1. In segment 218-326, which trypsin sites (Lys or Arg not before Pro) fall in coil by DSSP and have 15 or fewer other Cβ atoms within 10 Å?
2. Count the DSSP beta bridges whose two residues both fall in the chain, then state the antiparallel fraction as a percent rounded to the nearest 5.
3. Quick one: longest stretch of the chain between exposed loop chymotrypsin sites (Phe, Trp or Tyr not before Pro), exposed meaning at most 16 other C-beta atoms within 10 Å and loop per DSSP?
4. Would you please state which residues of segment 195-229 a label at residue 311 would reach in this model, taking the label point 7 Å out along Cα→Cβ and a backbone N cut-off of under 20 Å?
5. In whole Hz, with x marking every Gly and Pro, tabulate ³J(HN,Hα) for segment 152-168 from phi via Karplus 6.51 cos²θ - 1.76 cosθ + 1.60, θ = phi - 60°.
6. Going by the alpha-carbon gyration tensor, a ≥ b ≥ c the square roots of its eigenvalues, is segment 28-181 rounded (a/c under 1.5) or, if a/c is not under 1.5, prolate (a/b greater than b/c) versus oblate?
7. Starting from the 7 Å offset along Cα-to-Cβ, what nm value, one decimal, do you get for the label separation of residue 17 and residue 44?
8. So what is the relative contact order of segment 392-445, in percent, for Cα pairs below 8 Å that sit 6 or more residues apart?
Amino acid sequence: MTIPAELDRHIDAIITHYPPDKKRAAVLWLCHLLQEHFGFLGEEQVQWMAGKLGLQPINVWEVVTFYPMFTSKPRGKFHIKVCRTLSCDLAGCGGLLGLLRTKLGVGLDETTPDGLFTISTVECLALCGTGPAMMINDETFERVTPEKLDAIIDRIKTTGKLDTQPLPAPQPPHPLEKRLILANITKPGYTGSLADYEREGGYTAWRKALGMKPEEIVAEVKNSEIRGRGGAGFPCGLKWSFLAKGTGKPVYLVCNCDESEPGTFKDRQIVHYDPHMLIEGILISCYAVGAKVAYIYIRGEMPQGAKILLNAIEEARAKGYVGNGIEIYVHRGAGAYICGEETGLIESLEGKRAYPRIKPPFPAVVGLFGCPTVVNNVETLANVPHIINNGATWYKMMGVPGSTGTRLVCVSGPVKRPGYYEFEMGKLTMRQLIFDVCGGLRDGHTLKGVIPGGSSMPVLKADQIDVPLDFESLRKAGTMAGSGGIIVLDDSVDIVAATLNVTQFYAHESCGQCTPCREGTLWMEKMLHRLHAGQGRPQDVDLLYEVADNIDGKTICPLGEAAAWPVKAFVTKYREEFEKHGG
Ligand SMILES: Cc1cc2nc3c(=O)[nH]c(=O)nc-3n(C[C@H](O)[C@H](O)[C@H](O)COP(=O)(O)O)c2cc1C
């Protein structure tokens, strides 16, 4: 096996992004690069990587076999991955898969005899508002119709090449929106370049921050009362203040751009259309918490986002923003939703399987490479420049007590105008969002329910949607704001099928570490298949609830709850539908 000298140099450069005694952390990058070059990761590639990083081959194999994007066997030259999760399912991905299989004459995970195509399904591409969505190699295709699919495949067959797909134009604002994070993206001619960002006032917050003491920045962020936008809604400033001090160890900042929760596609908009807002937020946050190195952990299925970030970091370096005491590196994931959970993410960043850690200790005390670490979501960090520029008092004037500022929400499912929107928190109800902003449901249909914060959150019934969109109101309504991914279900949706789809996701994504989650999610999936096929047994509905209840609260990380809560809510609120299916 020969590695071209240029690739070898690139690999050596990437290894320097991690501490010299933590070279293992580079393994995901190496796997990506070698797979791109050889088409797969077999014995020779694994041996080579192990040698390069000073690891045992098994340490590389555990990574190759854990992450769905890696393969130890050659795939077709064009790997077609069709998203099968709930929003894309509601948009018709099942039909597309059927068409593909007929057109190419192969089944799932099979390769055409000419070695051109392999078809697979994928667990959410974070394109829920523009489904059905698919990727072919690194290219993304949205709103795929049967005609479009035909044309794409025929073109590849004729040219032997895959065309680069341009980013879609950013979505214009709705009059009810209040855009702060998305304010720039639809300005005429705005490209997200450093020059454009600076023209709109970018990096003034960074300059202002440099004139402040780090503890003043932490205090300002604390006073702004901003809560994390990644899912749990933990107060950001408070998290920063928990960082272990005086340990003599470096402090790390990790930006969580794993965005894999079905229904959620907000962080990709920031990364794709205004990457410097995130970079500025990371720089200020690093300065505030004393971190000299930040990693942006970006999900593997966002290769275009990774390229945009790499390019933006180089622009910021050329201007002296990055590399002048603070380094920012991009770390690519490789599939696996569990990498979004902060301790799973840290394990993954260290070059291992993404097995969440038992907390405490929390990352603020023992995090990346055993050092104090802050993990924040993309949107949370993108808010920081605004807080520093305008002050906590200004920031708090937006939103409502307990939920300050604006929030990005993403709407998918059968509404007339799905998409991403930004609102002051608590100033709009779910009803207004669905009917006024998103134009209501398709003609002739009525609302059946809404999943308010990514597929893990308990569903709201149609009569529960007069709830304001903020953390506390949604909590009082028995659910959570979660990741801001809102999936609308109309009267055509079969709740048992939807529950099965969601459960398949969590069963597939369970890391397998905790027995209740590993076994329970598969058991629920099996029962749901049975119910869906109309072959449920009378005891199945109660059993389904009981299995979910036995996962809830009994796992190392909240993926257990993420799997259990939707099932418990669907069974409780739509029991008659489960019973109709033979339960
Ligand atoms: C299974 C699971 C998946 C998660 N995925 C993400 C994710 O993709 N992005 C994210 O920011 N947070 C995700 N989180 C939440 C993170 O663990 C963590 O709370 C968050 O990154 C902290 O950032 P914040 O305080 O700015 O919200 C996930 C949590 C769990 C349990």
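The values are calculated or read from the model by the stated rules, or taken from the named source; none is laboratory data. These numbers were taken from a predicted model, which means no experiment stands behind them. Here Cβ is always computed from backbone atoms with ideal geometry, including for glycine, and neighbour counts include all displayed protein chains. Each accessible area value is taken on the protein alone, full model and side chains, heavy atoms only, with ligands, DNA and RNA left out. Shrake-Rupley method; radii C 1.70, N 1.55, O 1.52, S 1.80 Å.
1. For trypsin sites (Lys or Arg not before Pro) across segment 218-326 that sit outside H, G, I, E and B with at most 15 neighbouring Cβ atoms in 10 Å, the list reads 245, 319.
2. 45
3. 243-583
4. Only 195-200, 202-203 fall inside the zone, counting backbone N under 20 Å.
5. So the Karplus estimates, Gly and Pro as x, are 5, 5, 4, 5, 4, 4, 6, 8, x, 10, 10, 6, 6, 9, x, 5, x Hz.
6. Taking the square roots of the gyration eigenvalues as a ≥ b ≥ c, segment 28-181 is oblate.
7. 2.7
8. The value is 31 percent.
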